[in-house]
1. Round to a whole angstrom and tell me the spacing of the C-alpha centers of region 231-262 and region 150-207.
2. May I ask you to compute the full-extension gain from residue 165 to residue 233, defined as 0.36 nm times their residue separation minus their alpha-carbon distance, rounded to one decimal in nm?
3. Where nothing but the Cβ of Lys and Arg (+1) and of Asp and Glu (-1) is charged, how large is the charge dipole of the chain around its Cα centre, in debye to the nearest 20?
4. Would you please report the Å³ per residue occupied by the convex hull of the alpha carbon atoms in region 3-262?
5. For the chain, modelled as a GNM with alpha-carbon contacts under 10 angstrom, which of 214, 27, 106 fluctuates the most?
6. What distance in nm lies between label points placed 7 Å from Cα along the C-beta direction at residue 216 and residue 76?
Amino acid sequence: MKRNILSSLLLALVVFGLGCKPKKIIVATPPVSQEQPAQPDKKQDNLNLLKGKDLSFNTLALKGKTKLDINGDENSVTINIRIQKDKKIWAIITAAGGIVEVARAVITPDSLLLLNKLEKTYTKKPFSYIYNFTNKQISFGLLQAIFAGNTIPEFTTMDANLVQENGVWVLSGNSGDLAYRTLFNTLLKPAEVTLNDAKAAQALKVSYGKYTPVNNALFPSSVKINTMSGEKKINIEIEFTKIESNVPVDFPFTVPKNFQVIN
C-alpha cells in the first residue's frame, strides 16, 4: 500500500467507517407494496417503527476486505473493526492478505488516536480533529450508526421530514449546513444515506447491500461509501467476511518508542 494514501485511508476509516461480508443467510427484500400509504398524523409512530429495526448491541467485531479508490489510486486492504457501544471504535488495517500491519486507530466520543506503522508516526487528537475534513455535524454516534447500518439518532427526530416515495420511507432534513437524506428499503432498513454540505463542498453517500440476520435484527452484508471533500474523492467497496455481536473484545493500542509524534 502506498504511503501517500495512508492518511486519506485513515481519515476515511475514522469519518465514514468500514466493514466486510459474511457467508450467512441473506434476507430477501420484499417487493414494494403500494397498499401501505403513509400516515402523516402518526409521524412519531412511524419514526419509532424505523428505529425499532435498529440492531441492538453491546459490542461488534467485524472483519473484511475492501477496495479503496482515492482519486484513482486503487488499493486492497483487510480491516478488523471492534466497537464498544457509545464508548469506543477500534480498527486495524493490514495489507498482503492480513500479514503486514499498515495502521490502527481508536476513536472515542472525545478523542482520536492514529498509529501509522508504515511511516512510524503517532497522532493523538481531540474528536473535533475530523472537522478539518468533514462537517461539524458528524458525531461519534453518527459514525457508530453508519457502522451498524442503523438509523442516525441526530436525524431520526420529529424535526425531520418523513414521507413515503414509491412505497418506501424517505427521511430528510437539514442540520446546520448539513443536508441529510435516508432512503429505506421494504425491510425498513437503510438502503442509502446521503450527507451534503454544499457550503464546504463536502458529501458522503453510503449504500447498503443485502441484509443478514444478527441478534434478532438485520446487519448489512455489504456497503459502498463514496465521499468528496473539495477535489478529493474516496470510493470504498466493502464485503463482510465476519460479523459477531455481543462477544468479548479488546482494543490493543501500543505506541513503539521509536515512533514520532505528529501534532
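1. Between the Cα centre of region 231-262 and that of region 150-207, the gap is 26 Å.
2. Residue separation times 0.36 nm, minus the Cα-Cα distance, leaves 21.5 nm.
3. 840
4. Dividing the Cα hull volume of region 3-262 by its residues yields 129 Å³.
5. Fluctuation is largest for 27.
6. For the pair residue 216/residue 76, the computed spacing is 3.9 nm.
Read-outs throughout are calculated quantities, based only on the coordinates presented, and are distinct from any laboratory measurement. Keep in mind that this is a model prediction, so the values were computed, not measured. Quick reminder, even Gly has a Cβ in these numbers, built from the backbone with ideal geometry, and neighbours come from all protein chains shown.
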